[in-house]
1. Taking the Cβ of each residue in Phe249, Phe226 as the centre, tally the other Cβ atoms inside 10 Å and list the residues starting with the fewest.
2. What is the fewest-to-most order of Ser265, Ser106 by other Cβ atoms lying within 10 Å of their Cβ?
3. Per-residue counts of other Cβ atoms within 10 Å, averaged by peptide: what ranking do you get for 86-99, 3-16, 228-241, highest first?
4. Going down the table (Lys16/Lys130; Lys51/Lys130; Lys50/Lys130; Lys61/Lys246; Lys16/Lys51), which pairs top 21 Å between alpha carbons?
5. What's the FRET efficiency of Val238 with Arg30 using the Cβ-Cβ distance as r and R₀ = 25 Å, to the nearest 0.05?
6. Within 10 Å of each residue's Cβ, count the other Cβ atoms and sort Thr43, Thr136 from fewest upward.
7. Using per-residue counts of other Cβ atoms within 10 Å, averaged over each peptide, order 23-36, 154-167 from highest down.
8. Under the rule of at least 5 residues apart or a separate chain, name every residue whose amide H is placed under 5 Å from the amide H of Asp33.
Amino acid sequence: MIRSMTGFGRAEERQKDWRCTVELRSVNHRHLDARIRLPNGLTHLEEDLKKIIRERCERGKIDGTLTLTPDGEGASLLEVNEPLLRGFGGLVRQASEVLGQPVNVSLGDLLQVRDLIRFDTLETGQDTLKPLLETTLRRAVEDLLRMRETEGRGLHADLELHSATLRGLLDEIEPLTQDLPQRQALRLRENLARLLGGETINQDRIAQEIALLAERCDVAEELARFRTHLDHLARLLVEEGPVGRKIEFLLQELNREVNTLGVKSNDTGVSARVIEIKATLERLREQIQNIE
């Protein structure tokens, strides 16, 4: 079953005196681009945690936020990042001077400043905290994948609908192309007769031109290949694992076949349906950009 690259996952775990929360947001991306924002003092664990995401995700831009909160009296002692606080205070004073009026800053405002308040046990307790971080992240990844699978079911239904539309258009085109070489040959003879009047025509040369024309306007091979590609698409839609790149390549082949079909047919009825096929393929292209 196909999976979308769009989703959101969240998990929360507790261990002794700590509560860990992880939130993951994912959007479509050509490759896998995972980033995790960690509390100050644990940023060196980012690569280890990103490996957990790589184990379960193949594509998508995934942004994660991991927060640790003391969940007991013995969790940690809080300390203020004094250099950062002084710098923030200088910024507030400068703003007051520029505006010509006091700038009021509350404790809530200060707590929003990243790394202003630090837990002094993060560095010393990282060995015991790492399992907590990993467990929470794994749960968040699984939650993310569940949402991506749900989105994927919607994409699956849309792709099947577009595929059925393409098959219907092929069914309409086939009768229009069955006698296309004969019609083109008759048109060629009529045009030559009108242009040459009563002059003698070299029948052997005309036969050669008709044979070449018949070969050029025979689209049976393109129609057969197009159907084969649609059959391949149907198999990919139920294949396990990431199939986004395979479907992208298959869409290129479908576009190539329909372009050739439009050039070779030279028939107004076929051309109208070729335009509809191209419009449907464009809608397909927009959908598959979000498939993992």
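1. Phe249, Phe226
2. Going from sparsest to densest Cβ surroundings: Ser106, Ser265.
3. The peptides rank, most packed first, as 3-16, 228-241, 86-99.
4. Pairs exceeding 21 Å: Lys16/Lys51.
5. So, using R0 = 25 Å, E works out to roughly 0.55.
6. Thr43, Thr136
7. Put in order of decreasing packing, that is 23-36, 154-167.
8. For Asp33, the qualifying residues are Gly60, Lys61, Ile62.
Read the figures in this text as sums done on the coordinates, not as results from a lab. In this text the structure is predicted, and so the values were computed from the model without any measurement. Glycine also receives a Cβ, built like all others from the backbone with ideal geometry; neighbour counts cover every protein chain displayed.
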